[in-house]
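Presented below is the structure to which this report refers.
Quick note: the coordinates plus some simple rules give every number you see, no bench work behind them. Note that the structure is a prediction, hence the values are computed from the model and not measured. Cβ: placed from backbone, ideal geometry, glycine included. Neighbour counts: every protein chain shown.
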Amino acid sequence: MRKILLAVLALSLMAIMLYGAVASAAWFSATDHVAVTATSGGIDITGNPTTMTVADLMPGVYSDPQEFQIYNTANSTVDVKFRVTDQFVSETYSGFYNKIQVKVNPWNCGAGPEEATVYEGLLKNLDFNNSQQTLFHDGLPVNWTACYHVRFELVPSANNSFQNQGANFNLVMEGTQLENPGW
């Protein structure tokens, strides 16, 4: 029995020594790195023209088309989706701004006919975006321009008190990256 116990003890001691020899063996290794610089992209859209004058609005008669453009400049780094809204500034007669209707048609910057109307209604409710049209349905690429014809009229219910009056407002163009689920 004593011989068996000594044999087990000897085997255990050899196993511990063998494990220690393997576990403490020297292994070659090396470390390196890759330098990473991360920068964010950017969006830069501009509107053209910067000012627009539409004179002689009449009830129920649209003005001649005025061209305006949305340009995703070369300073942008991503394609954009965009929308256009309005922003009231002032009016010479109370309620005049609320009597203006607008009709918006995309077109191929002079190279073809207008597309179907993307918005027709009161100016104060103006809100359209690129997904409502064929040409830039999937976004406006960098260094590309989207062109529109816009027409204005007074609503047919505008009475004589709206003669020789006016309003100032902005067409507001917003752009965002295509992946933005917000709009």
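Overview of results
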read-out: Debye equation applied to the C-alpha atoms of the range 45-177, log10 I(q)/I(0) at 0.09, 0.18, 0.20 Å⁻¹; value: -0.27, -0.97, -1.15
read-out: Candidate lysines - alpha carbon under 17 Å from Lys124, same-chain residues fewer than 8 apart omitted; value: Lys99, Lys103
read-out: Estimated FRET transfer efficiency when R0 is 35 angstrom, pair Ala74-Asn168 (beta carbons, to 0.05); value: 0.65
read-out: Taking Met173, Met58, Met14 and counting other C-beta atoms within 10 Å, the order from fewest to most; value: Met14, Met58, Met173
read-out: Label point distance in nm, Met52-Thr92, each placed 7 Å from Cα along Cα→Cβ; value: 2.0 nm
read-out: Per-residue Cβ neighbour rank within 10 angstrom, fewest leading, Ile43, Ile4, Ile70; value: Ile4, Ile43, Ile70
read-out: Extended-chain gain in nm, criterion 0.36 nm per residue less alpha-carbon gap, Asp127 and Asn160; value: 9.0 nm
read-out: Degrees between helix 2-23 axis and first principal axis of the chain (Cα, 0 to 90, nearest 10); value: 40 degrees
read-out: Stokes-Einstein diffusion coefficient of the range 125-176, Kirkwood radius over Cα pairs, 37 °C, 0.692 mPa s, in µm²/s; value: 227 µm²/s
read-out: Least to most buried among Val104, Val155 (fewest other Cβ within 10 Å first); value: Val155, Val104
read-out: Full-extension gain in nm, Trp183 to Asn108, via 0.36 nm per residue minus C-alpha separation; value: 24.6 nm
read-out: Gain on full stretching of the segment that runs from Val61 to Ala26 - 0.36 nm per residue minus C-alpha separation; value: 3.6 nm
